[in-house]
Amino acid sequence: MRLQNLTVIFIIIILPVILLFSMYTKTQIDVLSLQETYTATLNVAVYDAVKAFKTNTLNDLTSKSAQSMIRDVNASINTFASSLALGFGVDGQNQDYIMQYIPALVYTLYDGYYIYSPVINQTTGEYEHILKPYIYYTVRYQRGNIDVVINYTLDNYLTVYGNIGSEYVTKAGYLESLDLLTVNGDNVVYDGITITDSEAKEYYKNAYNFTQWVTDELGEITEGDAKPIGDWDQESYSQFAGHTQQILNFENAENNPREDNSIFNSHRKGIIKLSIQNNLNAAMASYSRNSSYNFRMPVLQDTEWDQILSNISVIGFMQGIPMGLKVYNGYSYVVNTMNKEMVTENTVCFTDANGKIHKYDCPQMVESGIIGHKQYLFEKIQVERTEEVNGSYETTREWTYRTQSDYQNPTTGTYEPFDYGNYELCYYCMVSNNYEPVITNTRRKLLLETVAREKYRLYNKSNELNI
């Protein structure tokens with residue numbers, strides 16, 4: 001009798017609990033699987049957006065102009081939307097259905113960023129995504145008789161404009177450590193390395209003069225002097241109140257603008273991050289007002305911010321998609337180091353006499369016939385050719401490598417054509433990235449001069465375009 005009672009209790013009470021727990025477990029597994037699928041779809045869409053942006057800008061000779069950049073960003077956004085719709089199995093005509101779950105896309109560029117997010121169409125009363133005006137990485141500093149605005153970038157270049165005493169100034173240039181850089185006439189030495197490349201010398205001379213001016217005129221500015229350009233985000237800048245570190249004194253050995261953890265770079269990244277966060281929060285809050293879901297800015301990891309604040313990148317946010325017992329909230333970012341807009345140690349490479357493309361510290365690189373380049377030059381470009389055929393003109397397009405003649409032969413000293421298609425990537429340093437680095441003074445000099453030369457060329461080209 002007792003056994004029968006236990007059997008009844010098991011059937012009535014225990015068995016339903018087991019079944020419910022089993023169903024719950026299966027639902028949780030299904031939700032996790034769906035979450036992984038959504039994340040993978042978002043990752044692919046953001047990657048496709050970056051790839052499209054890279055391809056368009058590398059093929060565009062005018063990609064630094066505002067109109068051209070807007071066109072390239074919009075083309076990248078269209079690629080993102082198409083890729084996302086494809087991943088969700090939605091056809092192009094119903095693309096807007098899945099885009100309603102995208103509260104924002106962010107394009108962090110060299111000196112500012114775009115936000116693509118929904119706004120209310122005043123005619124229809126419906127939300128529609130638009131590309132909002134470009135936002136520069138700017139901040140205002142007020143200290144004593146100094147009242148200036150500084151435009152930061154993703155590297156050591158900045159623009160200053162405003163009042164210093166009774167004088168209105170506008171200056172721009174690259175910053176270098178005055179503790180490491182010495183300039184005496186035509187003699188230029190950086191960190192014990194004598195610079196001999198003529199264009200690299202000009203870069204360091206210009207950087208030295210600009211950095212000295214910034215240190216002399218603005219060196220007393222501290223983090224606590226930072227203020228927003230407008231009034232709407234005053235409260236967020238209170239985090240800098242009371243900070244007394246001098247951010248623009250480059251005679252300080254601990255303030256090397258090349259070092260990620262320097263006072264200058266820590267502050268620069270903080271300002272850019274704060275600007276992006278404030279404007280993203282505003283965009284998502286605006287979208288939430290008339291939405292059934294509360295869109296909000298997620299917390300990105302510090303390592304993710306480090307990547308975003310040092311590279312041109314795209315960040316995609318996807319939120320509010322129902323999936324069983326949960327709602328999907330995710331984001332994805334992809335950086336683009338293959339671009340024309342900035343020069344860093346990570347965006348240059350070197351060719352040697354063996355026809356290989358290397359990083360400067362690769363042990364496989366032979367130390368003869370070495371030439372430094374911007375890495376994007378080894379990417380194929382699309383060339384359009386128009387030819388007359390049987391009395392009519394036909395246009396063809398093909399992907400090909402660049403050929404340039406502005407590189408000096410290190411052996412003969414003469415300028416000769418350089419065919420980028422004749423070189424292949426070194427497997428050890430450019431493909432697997434699994435090698436023991438070899439760093440010598442010769443290689444350090446090569447890296448310093450290549451980066452400086454390319455920054456000098458980029459600076460001059462920007463000035464020619466009045467950018």
- Query: Checking Thr123 against (1) closer than 30 Å to Ile98 by Cβ; (2) surrounded by 14 or more Cβ atoms within 10 Å (Cβ to Cβ), which test does it fail?
  - Reply: (2)
- Task: With the condition kept exactly as written, say whether any residue in segment 170-192 is assigned by TED's automatic domain parsing to the domain that holds Glu254, within 24 Å of Pro228 (Cβ to Cβ) and among the aromatic types (Phe, Trp, Tyr).
- Result: no
- Query: Conditions: (1) farther than 22 Å from Tyr110 by Cα; (2) free of Cβ contacts under 8 Å to residues at least 12 places away in the same chain; (3) not assigned by TED's automatic domain parsing to the domain that holds Asn151. Glu235 meets all but one. Number of the miss?
  - Reply: (3)
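Table: residues versus (1) small (Gly, Ala, Ser); (2) assigned to a helix (DSSP H, G or I); (3) surrounded by fewer than 20 Cβ atoms within 10 Å (Cβ to Cβ).
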position: Val169; (1), (2), (3): no, no, yes
position: Ala200; (1), (2), (3): yes, yes, no
position: Tyr204; (1), (2), (3): no, yes, no
position: Trp213; (1), (2), (3): no, yes, yes
position: Glu217; (1), (2), (3): no, yes, yes
position: Glu220; (1), (2), (3): no, no, yes
position: Gly224; (1), (2), (3): yes, yes, yes
position: Gln239; (1), (2), (3): no, yes, yes
position: Thr244; (1), (2), (3): no, no, yes
- When both residues are 6+ apart or on different chains and their Cβ atoms are under 9 Å apart, which pairs have a first residue that lies in segment 426-441 and is surrounded by 11 or more Cβ atoms within 10 Å (Cβ to Cβ), and a second that is of a type in the set (Phe, Trp, Tyr) and part of a helix (DSSP H, G or I)? Tyr435/Tyr428
- Message: Return the pair list, or none, for Cβ contacts closer than 8 Å from residues in segment 66-90 that are part of a loop (DSSP other than H, G, I, E, B) to residues that are at pLDDT 90 or above, at least 6 apart or on different chains.
- Response: Phe88/Thr41
- Item | Unique match (being in contact (Cβ under 8 Å) with a residue 24 or more places away in the chain, surrounded by fewer than 21 Cβ atoms within 10 Å (Cβ to Cβ) and outside any strand (DSSP E or B)) among Tyr293, Tyr287, Tyr360, Tyr328 | Tyr293
- Item | Test: Ala200 is at pLDDT 95 or above, under 26 Å from the mean Cα position of the chain (by Cα) and small (Gly, Ala, Ser) | no
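Test Asp96 against the stated conditions and say whether it is acidic (Asp, Glu) and either touching a His at 6+ places or on another chain (Cβ under 9 Å) or part of a loop (DSSP other than H, G, I, E, B) (or both). Before you say what the answer is, go through the steps one by one.
Details: acidic (Asp, Glu): yes; either touching a His at 6+ places or on another chain (Cβ under 9 Å) or part of a loop (DSSP other than H, G, I, E, B) (or both): yes.
Yes: the conditions hold for Asp96.
The values are calculated or read from the model by the stated rules, or taken from the named source; none is laboratory data. All values derive from a computational prediction rather than experimental measurement. So basically every Cβ, Gly included, is an ideal-geometry build from the backbone, and we count neighbours across all protein chains shown.
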